[in-house]
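One structure, pasted below without further comment.
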Amino acid sequence: MSARNATAVTSSTGNSESGQSDRTDWTAYATSYDLLSEHNPAYRALLDDFRSFLGTIERPGLIYDIGGGTGNYTGIAAAAFPDSRIRLIEPDPGMLARAKSKLAAHDNVEYEGRSLETTGVTEPADLVVCVHALYTMPRQEQRLSDLRRLVRPGGLLYLVDIGRSLDLSDWRGFLFRHIVRETGLLGAIRIFWRGREITRQNNAIRRSQDAGVFWTFDAGVLASKAEAAGFEVLRQEQAYRGYSDLVVCRAAP
């Protein structure tokens, strides 16, 4: 289980504006993060949804992946649109290094180790992707305005964010049952051992949610916040076993 597609895009140490640390070590997380795409069906469902979404749109000239983490969404976009330019924005060096290694075969990807609010816009994007990153940032309304700044009028935003506090026992039970069915009991034990860093960092994420360092919100709030930032919401639903909201938006003129 993971609540996170990427590191916090303000700093790798957390919400510096609040004077608090999220205590989540995203570089350590990067070492085992991609076990999620292999063994977490809820995470795979998000990837499949994004892949399906890309099949419904015209080829974007420029794509930004904000808080792109280890590059899973960038990889899908790069394969779907090999002639598009993609900027993967990710401040954590461990996550970024993992993304560069995974995506080395794609020559249409640029990598930038920076935060959302310091990302310059020399050219507005046709599509901006931001998955499980916004909740780690300070001042979500301002960050949504930053996302709007990156999108050309009429361009699209694919936004997924964790809103509800993580119930770690719920996730452990869900994943263990699923992996036992896939690999057997011994295989599940081995995978959980390999993914122990994920467990450690998810515990830190939950503590940050409980402390108010990481944003939590009720279902539907993400769509209303996106509208307030200048987006037209085209699609809205709960995702990731109800822990996340997914919205697809068009940037208003």
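The values are calculated or read from the model by the stated rules, or taken from the named source; none is laboratory data. These numbers were taken from a predicted model, which means no experiment stands behind them. Counting neighbours? That spans all protein chains shown, and the Cβs are built from the backbone with ideal geometry, glycine included. Heavy atoms of the whole protein, side chains included, go into the accessibility calculation; ligands, DNA and RNA do not. Shrake-Rupley method; radii C 1.70, N 1.55, O 1.52, S 1.80 Å.
Restricting to region 71-98, give me the number of residues that are free of Cβ contacts under 8 Å to residues at least 60 places away in the same chain, in contact with a Lys or Arg (Cβ under 7 Å, 6 or more places away or on another chain) and either of a type in the set (Ser, Thr, Tyr) or open to solvent by less than 10 Å² (accessible area, probe 1.4 Å) (or both).
2
Looking for something surrounded by 15 or more Cβ atoms within 10 Å (Cβ to Cβ), β-branched (Val, Ile, Thr) and either in contact (Cβ under 8 Å) with a residue 60 or more places away in the chain or touching a helix residue (DSSP H, G or I) at 6+ places or on another chain (Cβ under 6 Å) (or both) - is there at least one such residue anywhere in region 112-127?
For region 112-127, residues surrounded by 15 or more Cβ atoms within 10 Å (Cβ to Cβ), β-branched (Val, Ile, Thr) and either in contact (Cβ under 8 Å) with a residue 60 or more places away in the chain or touching a helix residue (DSSP H, G or I) at 6+ places or on another chain (Cβ under 6 Å) (or both): absent.
Any idea how many residues of region 211-249 are surrounded by 16 or more Cβ atoms within 10 Å (Cβ to Cβ) and part of a strand (DSSP E or B)?
Number satisfying all stated conditions: 10.
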